[in-house]
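A.B. asks: Got a structure for you, questions after.
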Amino acid sequence: MSGSPRFLEQHGTCVGSGWLRVERVAGLSTVVSTQASAPLKVLIPRARGLSVWAYLSSFGGGLVAGDCIQFRVEIGAEARCFVSSQASTKVFKNPNLLPCGHQFEAWAGIGSLLVLAPDPVQAFTGSIYSQRQTFHLDKGASLVLVDWLTSGRVACGERWAFSHFESRNEIFVEGQRLVIDSVRLDPRDGPLRLSHRMSRYNCFASVVIIGEALKEGIDQVLIAVAKCAVVQRASIIFTASPIRGGVLLRLAGETVEEVSREIRAHLNFISALLGDDPLIRKW
């Protein structure tokens, strides 16, 4: 693993940046180093235990006027870490249409576990958002990744009204690229609310589960999805695709609540690994 300060020197253009380093100390996962610069905040309600829990937040409650947040997580051998957000990532309107972004990089050591499950991105009317997340897993490391977005402020009459959204996830296992999951949504390619695009759905999610230590959970997802019957005009739809050493689950729902319940149901196995269920406390 390369050091956190070096990473920040190489990527110092973002307004808010930080890192979190977790190691296994005396048999327990422990935060050994953390730093954040405004507007980024890192809240750590559980700094030591079977797993470390950390939540990313910002002073403004979201991203405005070209904000770019950059964060790095390093997890030592056999350590476990859960990373989430304090609330949904709001991408606010800005008159000059400045792009906002989020860059996340994670290095997971031998036999470690990272669960990255933030709340969804909520892009407001006219906003521009770009996200890139990269994961490097050593031998025996495991990853649970939740990446999702909503159509916007539906209660305010906003549905798929942002100017541009893109998200790209890359996962490397022992140096080899295993997964590239990329989403790009732009009204210039056609109105997003059309039936052949976003249609009636207001929330989309991708969930990746990888790692030999998570095999039981991976099999559970594949079996559960295979058993589900196809229902015409269902309020929520999902599919699961096996990948080498894991599974990719995709979901689309009419409401965020439906999608969150389905994600939580498929990830019910993580509570035993983390020592508690952080998802049920939020979703």
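The values are calculated or read from the model by the stated rules, or taken from the named source; none is laboratory data. This structure is a prediction, so every number in the text was calculated from the model and none was measured. For neighbour counting, all protein chains shown are included, and Cβ atoms are generated from backbone atoms with ideal geometry for every residue, glycine included.
A.B. asks: Could you go through segment 166-175 and let me know if any residue there is free of Cβ contacts under 8 Å to residues at least 60 places away in the same chain, over 23 Å from Thr134 (Cα atoms), assigned to a loop (DSSP other than H, G, I, E, B) and among the charged types (D, E, K, R). Lay out the reasoning, then the answer.
C.D. replies: Initially, segment 166-175 is screened for residues free of Cβ contacts under 8 Å to residues at least 60 places away in the same chain, giving 166-172, 174-175.
Then keep just the ones that are over 23 Å from Thr134 (Cα atoms); that gives none.
Scanning segment 166-175 turns up no residue that is free of Cβ contacts under 8 Å to residues at least 60 places away in the same chain, over 23 Å from Thr134 (Cα atoms), assigned to a loop (DSSP other than H, G, I, E, B) and among the charged types (D, E, K, R).
A.B. asks: Do we have Ser84 as closer than 25 Å to Tyr129 by Cβ, at pLDDT 95 or above and in contact with a helix residue (DSSP H, G or I) (Cβ under 9 Å, 6 or more places away or on another chain) here? Quick ask: steps written out before the conclusion?
C.D. replies: Values: closer than 25 Å to Tyr129 by Cβ: yes; at pLDDT 95 or above: yes; in contact with a helix residue (DSSP H, G or I) (Cβ under 9 Å, 6 or more places away or on another chain): yes.
Yes: the conditions hold for Ser84.
A.B. asks: Any chance you could count how many residues in segment 148-165 are in contact (Cβ under 8 Å) with a residue 60 or more places away in the chain and either surrounded by fewer than 21 Cβ atoms within 10 Å (Cβ to Cβ) or outside any loop (DSSP other than H, G, I, E, B) (or both)? Lay out the reasoning, then the answer.
C.D. replies: Narrowing segment 148-165 to residues in contact (Cβ under 8 Å) with a residue 60 or more places away in the chain: 148, 150, 162-164.
Remaining after also requiring either surrounded by fewer than 21 Cβ atoms within 10 Å (Cβ to Cβ) or outside any loop (DSSP other than H, G, I, E, B) (or both): 148, 150, 163-164.
Residues that pass the stated criteria total 4.
A.B. asks: Within segment 151-178, which residues are aliphatic (A, V, I, L, M) and touching a Gly at 6+ places or on another chain (Cβ under 8 Å)? Lay out the reasoning, then the answer.
C.D. replies: Our first condition is that a residue be aliphatic (A, V, I, L, M); within segment 151-178, this holds for 154-155, 161, 171, 173, 178.
Result: Ala161, Val173, Leu178.
A.B. asks: Suppose we filter segment 113-127 for residues that are at pLDDT 95 or above and among the β-branched types (Val, Ile, Thr); how many remain?
C.D. replies: 2
A.B. asks: Out of all the residues in segment 127-166, which are of a type in the set (A, V, I, L, M, F, W, C) and more than 27 Å from Ile218 (Cβ to Cβ)? Show your work before the answer.
C.D. replies: First, pick out the residues of segment 127-166 that are of a type in the set (A, V, I, L, M, F, W, C): 128, 135, 137, 141, 143-146, 148-149, 154-156, 160-162, 165.
If the condition is that a residue be of a type in the set (A, V, I, L, M, F, W, C) and more than 27 Å from Ile218 (Cβ to Cβ), then Ile128, Val154, Ala155, Cys156, Trp160, Ala161, Phe162, Phe165 are the ones that fit.
A.B. asks: I would also like to ask the following. Go through (1) farther than 23 Å from Asp147 by Cβ; (2) free of Cβ contacts under 8 Å to residues at least 40 places away in the same chain and name the single condition Gly76 misses.
C.D. replies: (2)
A.B. asks: Inside segment 79-100, can you point out the residues that are assigned to a loop (DSSP other than H, G, I, E, B) and in contact (Cβ under 8 Å) with a residue 12 or more places away in the chain?
C.D. replies: First pass over segment 79-100, keeping only residues assigned to a loop (DSSP other than H, G, I, E, B): 79, 86-88, 92-99.
Across segment 79-100, the qualifying residues are Ala79, Gln86, Ala87, Ser88, Phe92, Lys93, Asn94, Asn96, Leu97, Leu98, Pro99.
A.B. asks: Could you say which residue among Val83, Val91 is under 30 Å from Ala26 (Cα atoms), buried (at least 17 other Cβ atoms within 10 Å of the Cβ) and among the hydrophobic types (A, V, I, L, M, F, W, C)? Let's see the steps before the verdict.
C.D. replies: Details: Val91 fails: under 30 Å from Ala26 (Cα atoms).
Within the list Val83, Val91, the selection yields Val83.
A.B. asks: Pick out the one residue from Leu8, Leu28, Leu20 that is among the aliphatic types (A, V, I, L, M), within 15 Å of Glu105 (Cβ to Cβ) and modelled with pLDDT of 95 or more. Before you say what the answer is, go through the steps one by one.
C.D. replies: Details: Leu8 fails: modelled with pLDDT of 95 or more; Leu28 fails: within 15 Å of Glu105 (Cβ to Cβ).
When all the criteria are applied, what remains is Leu20.
A.B. asks: Check segment 246-257 and report whether any residue there is within 26 Å of Arg48 (Cβ to Cβ), surrounded by 20 or more Cβ atoms within 10 Å (Cβ to Cβ), in contact (Cβ under 8 Å) with a residue 24 or more places away in the chain and not hydroxyl-bearing (Ser, Thr, Tyr).
C.D. replies: At the first step, the residues of segment 246-257 found to be within 26 Å of Arg48 (Cβ to Cβ) are none.
Looking for residues that are within 26 Å of Arg48 (Cβ to Cβ), surrounded by 20 or more Cβ atoms within 10 Å (Cβ to Cβ), in contact (Cβ under 8 Å) with a residue 24 or more places away in the chain and not hydroxyl-bearing (Ser, Thr, Tyr), one finds none in segment 246-257, hence no.
A.B. asks: Can you tell me which of Val247, Val259, Val231, Val207 is closer than 30 Å to Gly157 by Cβ, outside any helix (DSSP H, G or I) and at pLDDT 95 or above? Give the derivation first.
C.D. replies: Working: Val247 fails: closer than 30 Å to Gly157 by Cβ; Val259 fails: outside any helix (DSSP H, G or I); Val231 fails: at pLDDT 95 or above.
On inspection, the qualifying residue turns out to be Val207.
A.B. asks: Of all the residues that make up segment 102-141, how many are of a type outside the set (A, V, I, L, M), within 14 Å of the chain's Cα centre (by Cα) and assigned to a strand (DSSP E or B)? Walk me through how you get there before you give the answer.
C.D. replies: First, pick out the residues of segment 102-141 that are of a type outside the set (A, V, I, L, M): 102-105, 107, 109, 111-112, 118-120, 122, 124-127, 129-136, 138-140.
Adding the requirement that they be within 14 Å of the chain's Cα centre (by Cα) leaves 102-105, 118-120, 122, 130-135.
So of that shortlist, the ones also assigned to a strand (DSSP E or B) come out as 102-105, 122, 130-135.
Residues in segment 102-141 being of a type outside the set (A, V, I, L, M), within 14 Å of the chain's Cα centre (by Cα) and assigned to a strand (DSSP E or B): 11 in total.
A.B. asks: Still on this structure, I have one more. What number of residues within segment 90-112 satisfy the criterion of being more than 26 Å from Arg281 (Cβ to Cβ), modelled with pLDDT of 95 or more and of a type outside the set (A, V, I, L, M, F, W, C)?
C.D. replies: At the first step, the residues of segment 90-112 found to be more than 26 Å from Arg281 (Cβ to Cβ) are 92-101, 103, 105, 107, 109-111.
Subset that is modelled with pLDDT of 95 or more: 103, 105, 107, 109-111.
The next check asks that each one be of a type outside the set (A, V, I, L, M, F, W, C); those that pass are 103, 105, 109, 111.
Going through segment 90-112 one residue at a time, the tally reaches 4.
A.B. asks: Looking at segment 19-67, which of its residues are assigned to a strand (DSSP E or B) and among the polar types (S, T, N, Q)? If you could, list the steps in order and put the result at the bottom.
C.D. replies: Start the filter on segment 19-67 by keeping residues that are assigned to a strand (DSSP E or B), which leaves 19-25, 28-36, 40-46, 48-49, 52-58, 62-63.
Matches in segment 19-67: Ser29, Thr30, Ser33, Thr34, Gln35, Ser57, Ser58.
A.B. asks: Hey, another quick one. What single numbered condition from (1) of a type in the set (Gly, Ala, Ser); (2) over 21 Å from Val154 (Cα atoms); (3) in contact (Cβ under 8 Å) with a residue 40 or more places away in the chain fails to hold for Ala240?
C.D. replies: (3)
A.B. asks: Among the residues of segment 192-214, is there at least one that is loosely packed, with under 13 Cβ neighbours inside 10 Å and either under 23 Å from Ala108 (Cβ atoms) or under 20 Å from the mean Cα position of the chain (by Cα) (or both)?
C.D. replies: No: segment 192-214 contains no residue that is loosely packed, with under 13 Cβ neighbours inside 10 Å and either under 23 Å from Ala108 (Cβ atoms) or under 20 Å from the mean Cα position of the chain (by Cα) (or both).
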